[in-house]
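One structure is given below, encoded as structure tokens.
The values are calculated or read from the model by the stated rules, or taken from the named source; none is laboratory data. In this text the structure is predicted, and so the values were computed from the model without any measurement. Note: ideal-geometry Cβ built from the backbone for every residue, glycine included; neighbour counts use all protein chains shown. Please note that ligands, DNA and RNA were not included when accessible areas were found on the heavy atoms of the full protein model with its side chains. Shrake-Rupley method; radii C 1.70, N 1.55, O 1.52, S 1.80 Å.
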Amino acid sequence: MESDDDAVWCACAALGGSLLPLVDQEPWRQARRREEFGERGLGVRRGELLTGAFAALLLHALVADAHAAGSPHDLGTLHAIPLRAVVRALHDKWDYEILAGSPKRFRDDTEETAVAALRLLAYQIGPECFWFTYVGTHVHRALITLIDRSRMPSPTCGDLRQWASGAGLLP
């Protein structure tokens, strides 16, 4: 039986993984992002995986914060989080706060590897030390783009789920 935390993490991971494909409605965005990943030495596949994992960890941390404040630790809490609150958390949370709530179990090895890589990147020295922040910048850009596209005054993670589902990005 799947625990509430497993269900919440799976939903966070699915939403995190859907951010970039949702933004890619305009093909130039994908081309520019992929070029930037290459210029930074990240590589396209790794950059996109890390971006999705970063977004998932951030969402997971926000659900944990809401739970600590008295909300249930469930999908309803995740879906109620406004996307602007996620953007704010990108600026307000320290790296270790985003990483602290990492799940114990992952959907697959690729996801686990991406989260482990983010843990290492947060404390890296050298040119790679900027990758953690850089990946967070892509999460920020994606969220702002989706908020700006929305017809709703305050879209939530539930709206993000609907958009991803409508685009065929979720099972």
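Checking residue 110 against (1) more than 15 Å from residue 140 (Cα to Cα); (2) among the β-branched types (Val, Ile, Thr); (3) modelled with pLDDT of 95 or more: exactly one of these is not met. Which one?
Failed condition: (3).
Among (1) touching a residue at least 24 places away in the same chain (Cβ under 8 Å); (2) farther than 16 Å from residue 12 by Cα, there is one condition residue 107 misses while meeting the rest; what is its number?
Condition (2) is where residue 107 drops out.
Would you please list the contacts, defined by Cβ atoms under 8 Å and residues six or more apart or on different chains, that run from a residue in region 127-140 that is touching a residue at least 24 places away in the same chain (Cβ under 8 Å) to a residue that is β-branched (Val, Ile, Thr)?
135/51; 138/51; 139/51; 140/87
(1) in a helix (DSSP H, G or I); (2) within 13 Å of residue 54 (Cα to Cα): which one isn't true of residue 102, the others all being true?
Residue 102 satisfies all of (1) in a helix (DSSP H, G or I); (2) within 13 Å of residue 54 (Cα to Cα) except (1).
Between a residue in region 13-29 that is within 14 Å of residue 147 (Cα to Cα) and any residue that is open to solvent by 20 Å² or more (accessible area, probe 1.4 Å) and among the basic types (Lys, Arg), which pairs come within a Cβ distance under 7 Å, given they are 6 or more apart or on different chains?
23/29
Taking the options 73, 79, name whichever one is surrounded by fewer than 18 Cβ atoms within 10 Å (Cβ to Cβ) and in contact with a strand residue (DSSP E or B) (Cβ under 8 Å, 6 or more places away or on another chain).
So the residue among 73, 79 that is surrounded by fewer than 18 Cβ atoms within 10 Å (Cβ to Cβ) and in contact with a strand residue (DSSP E or B) (Cβ under 8 Å, 6 or more places away or on another chain) is 79.
When region 102-155 is examined, which residues are found to be of a type in the set (Phe, Trp, Tyr) and open to solvent by 80 Å² or more (accessible area, probe 1.4 Å)?
To start, the set of residues in region 102-155 that are of a type in the set (Phe, Trp, Tyr) comprises 106, 123, 130-132, 134.
Passing the criteria: 123, 130.
So which residues in region 45-84 are more than 13 Å from the chain's Cα centre (by Cα), part of a helix (DSSP H, G or I) and aliphatic (A, V, I, L, M), if there are any at all?
Within region 45-84, 64, 66, 68, 75, 80 qualify.
What's the total number of residues in region 35-44 that are farther than 16 Å from residue 140 by Cα, in a helix (DSSP H, G or I) and not basic (Lys, Arg)?
Residues flagged as farther than 16 Å from residue 140 by Cα, in a helix (DSSP H, G or I) and not basic (Lys, Arg) within region 35-44 amount to 4.
So, in region 156-171, of the ones that are loosely packed, with under 13 Cβ neighbours inside 10 Å and at pLDDT 90 or above, which residue ends up nearest to residue 17 (Cα to Cα)?
168
Quick check: anything in region 157-169 among the polar types (S, T, N, Q) and touching a strand residue (DSSP E or B) at 6+ places or on another chain (Cβ under 6 Å)?
no
For region 4-60: of the residues being more than 18 Å from residue 112 (Cα to Cα) and polar (S, T, N, Q), which is least open to solvent (accessible area, probe 1.4 Å)?
30
Any idea how many residues of region 82-101 are surrounded by 13 or more Cβ atoms within 10 Å (Cβ to Cβ) and either more than 18 Å from residue 15 (Cα to Cα) or of a type in the set (D, E, K, R) (or both)?
Number of matching residues: 5.
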